[in-house]
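To start, the structure itself, in structure tokens.
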Amino acid sequence: MKKILIATISFFVFSTAQSQVLHTVGSGNFYYYPSSLTVNVGDTVNWINDGGFHNVNFDINSITGSSFSNPVSFISTPTNNVAIYTHVFTIAGTYEYDCSVGSHAANGMVGTIIVNSAPAYIANFANTDKSKFRTFNMLGHETFNSNFGPVIYRYADGTVEKKIIIR
């Protein structure tokens with residue numbers, strides 16, 4: 001019975017969790033590909049080097065000398081290694097960046113990453129609404145008749161409560 005309960009709860013936790021995605025951006029002779037990328041909060045972007053000496057600069061625009069004014073600023077060390085940089089985006093917004101090596105940015109090595117906030121169905125679990133969302137029996141089947149025995153209540157705020165009802 002304990003294994004069934006653990007399996008049931010695990011199923012619901014994993015089925016409601018937002019899955020993070022790994023995105024790859026190629027970097028080469030005056031380009032990032034794709035030059036524009038849309039991701040979600042929690043996603044990871046991995047820049048790889050297709051050849052040359054490059055970095056990713058989310059801090060100061062190499063062409064204008066002014067700040068990109070990104071939600072978060074960072075810059076990687078220039079390298080000719082295959083792996084340039086990896087970043088997990090945790091704050092939504094639009095991020096502009098370039099390669100600050102030599103005149104790479106002036107020659108078109110610039111990019112944009114748009115980070116969307118969490119989908120509404122995930123964000124809704126962050127509220128404090130303690131109203132009952134669904135009721136399940138110990139086998140994990142949704143039940144509408146919870147007058148007797150062990151049940152699992154799942155609330156709108158994402159919390160789970162186990163109860164044994166005796167009448």
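Here is how the numbers come out for the structure above:
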quantity: Sorted peptide list for 51-62, 106-117, criterion being average Cβ within 10 angstrom, highest first; calculated: 51-62, 106-117
quantity: Packing-based order for 75-85, 23-33, using average beta carbon neighbours within 10 Å, highest first; calculated: 23-33, 75-85
quantity: Neighbour net charge for SER27 - beta-carbon separation under 14 angstrom, K R +1, D E -1; calculated: -2
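Read-outs: derived from the displayed coordinates by stated rules, not from any lab. Owing to the predicted nature of the structure, the values given are computational and were not obtained by experimental measurement. FYI the Cβ positions are ideal-geometry reconstructions off the backbone, even for glycines, and counts take in every protein chain you see.
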